[in-house]
Amino acid sequence: MPVSYKTLGLQNTRKMFQDAMAGKYAIPAYNFNNLEQLQAIVLGCIDSRSPVILQVSKGAREYANATLLRCMAMGAVEITKEAGVEIPIALHLDHGDSYELCVSCIETGFSSVMIDGSHLPFEENMELTRRVVEYAHKHDVTVEGELGVLAGIEDEVSHAVSHYTKPEEVETFVKNTGVDSLAISIGTSHGAFKFKPNEPIPPLRFDILEEIERRIPGFPIVLHGASSVMPEYVDMINHYGGDLIGAVGVPEEQLRRAAASAVCKINIDSDGRLAFTAKIREALIKDPKNFDPRKYLAKAREALRSVIVHKNENVLGSANRI
């Protein structure tokens, strides 16, 4: 039986984005794969009183199990109620790669889906996105599309080279698909190795963003691949036996600038993975006799919770917006 996200206490992103654009901040969209990551995200957003989009990739959904994932999302909503801080929460499919996957997510409680046809020719991307929108809107689910290609690797998404979004295409795409938000490529990338180490980090292409804003004024824009690859956690991973030499991310000041524009959703995945992994490595090296997952996962959960608060307060501007 299909399940509506509304019965789970979730929200779609429509009002979230309206509020974010009016307040000149961005809604955080955090990816998670397991219970401890979800706990950290929700508790961090309670601490900072921030709305949040819980993001799940195709691979993460398979890993967690679709039925269990639905119950976890409902549990996240209940935690906020118990804390007396009922923050708006959306459950979003990140980088959906087919119409069928989007339909399946909608029928199992997702309130928002992304259909990523950016690798397809323009007309095919537009047609695929239009089909997903047509189905999703029947269920009051919001849809994110994408124009342009980000380099890097994230789960099933892998591209060697970035292709900037062409501003001249956005009007036609938005008009013909009915999509609710648009992910664009202006220089961010997936993964922890976004730029070459020991070289100046190229600034984001705000000129492209501004031209897109001019062509589709007031339309919600999304940035993927926006982790800053926090150096303290990269260093910790390397110190405790990891190999992430040369990992570089997007400077936080550029993300703050983007969040004050039409960019009302910023995706962060790698930073969460790095903090989580760093604290697990540290805990196991410092206490090699420990084999209780609760002890090392609790340390990872608290580190990620701190990252969430920092991002909401100092980067995205989403803290204290409820």
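The values are calculated or read from the model by the stated rules, or taken from the named source; none is laboratory data. Remember, predicted model here, so these are calculated numbers, not experimental data. FYI the Cβ positions are ideal-geometry reconstructions off the backbone, even for glycines, and counts take in every protein chain you see.
Out of the residues in segment 15-54 meeting the condition of being farther than 23 Å from Ile221 by Cα and charged (D, E, K, R), tell me which one is surrounded by the fewest Cβ atoms within 10 Å (Cβ to Cβ).
Top of the filtered list is Asp47.
Which residue, of Ser112, Ser98, is in contact (Cβ under 8 Å) with a residue 60 or more places away in the chain and out of contact with any helix residue (DSSP H, G or I) (no Cβ under 8 Å at 6 or more places or on another chain)?
Ser112
Within segment 141-176, which residues are modelled with pLDDT of 55 or more and part of a strand (DSSP E or B)?
Thr142, Val143, Glu144, Gly145, Glu146, Leu147, Val149, His163
Quick check: anything in segment 285-298 surrounded by fewer than 18 Cβ atoms within 10 Å (Cβ to Cβ) and aromatic (Phe, Trp, Tyr)?
Looking through segment 285-298, at least one residue is surrounded by fewer than 18 Cβ atoms within 10 Å (Cβ to Cβ) and aromatic (Phe, Trp, Tyr).
Yes or no: Leu8 exposed (fewer than 15 other Cβ atoms within 10 Å of the Cβ) and either under 15 Å from the mean Cα position of the chain (by Cα) or aliphatic (A, V, I, L, M) (or both)?
No: the conditions fail for Leu8.
Please go through (1) in contact with an Asp or Glu (Cβ under 8 Å, 6 or more places away or on another chain); (2) at pLDDT 95 or above for Val229 and return the number of the only condition it doesn't satisfy.
(2)
Out of curiosity, is Ile89 of a type in the set (A, V, I, L, M, F, W, C), touching a residue at least 60 places away in the same chain (Cβ under 8 Å), touching a strand residue (DSSP E or B) at 6+ places or on another chain (Cβ under 7 Å) and buried (at least 16 other Cβ atoms within 10 Å of the Cβ)?
Spelling it out, Ile89 is indeed of a type in the set (A, V, I, L, M, F, W, C), touching a residue at least 60 places away in the same chain (Cβ under 8 Å), touching a strand residue (DSSP E or B) at 6+ places or on another chain (Cβ under 7 Å) and buried (at least 16 other Cβ atoms within 10 Å of the Cβ).
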